Amino acid sequence: MKLLILNGPNLNMLGIREPGIYGTVDYNAMVEYVAACCDALGIETEFYQSNHEGDLVDAIQDALQYADGIVINPGAYTHTSIAILDALKAVALPAAEVHISDVTKREPFRQISYAGMACQGHFIGQGIEGYVNAARFLQQIITGKGTVPQ
Ligand code: DQA
């Protein structure tokens, strides 16, 4: 079972960007940690990050060729991108949305998630552990194995 773990704009700045909100772990360390946790769960991973909306749409479409599901943190495109929502709906792979911060307690403009409308799972405000919990959730959906995170 293989998952695309897709990150949108400014997530390459993890560790530098607003550490009080997003923590001090940088993007590469996050990838290493999530890949190791997924490996231990028997989940193969493909990571991709882009600051560009069209690249994220391309990555979602390409996932149809090799992935069983998608973990996505679209960054700010969460709240604006109908193109990402449409791409997720087009490929119709099982998908889970991750937000490192608790967007439900932040500004009003962060209260809508277009991408989330095409996701079966929502892992919000769990820090980088949210990526691992989302992967476990998709593993459960895809293979029927493992435990659904609380
Ligand atoms: C984010 C929340 C978004 O509102 C923000 O624009 C991000 C990161 C999160 O992981 O908490 O870039 O998706």
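What follows is calculated from the coordinates using simple rules that are stated; it is not laboratory data. None of the values given here were measured: they were computed from a predicted structure. Neighbour counts are summed over all protein chains in view; Cβ atoms, including those assigned to glycine, are modelled from backbone coordinates with ideal geometry.
A few remarks follow.
- Stokes-Einstein diffusion coefficient of the range 20-73, Kirkwood radius over Cα pairs, 4 °C, 1.567 mPa s, in µm²/s: 102
- Set of lysines with alpha-carbon distance to LYS2 below 28 Å, sequence-local pairs under 8 removed: LYS89, LYS145
- Selected from THR78, SER50, LEU3, residue furthest toward positive end of dipole (the chain; charges at beta carbon): THR78
- Max-minus-min Cα coordinates of the range 2-142 on each principal axis give 36, 33, 24 Å, with the largest extent listed first.
- Dipole magnitude (debye, nearest 20) for the chain, charges at Cβ of Lys, Arg, Asp, Glu: 420
- For the chain, the 222 nm mean residue ellipticity estimated from helices alone, with every DSSP H stretch of n ≥ 4 adding -39500 (n - 2.57) and the total spread over all residues, rounds to -11000 deg cm²/dmol.
- Set of aspartates and glutamates near LYS105 by C-alpha distance (under 17 Å), chain-local residues within fewer than 8 positions excluded: GLU18, GLU97
- Each part reduced to its alpha carbon centroid, the range 1-59 and the range 101-134 end up 14 Å apart.
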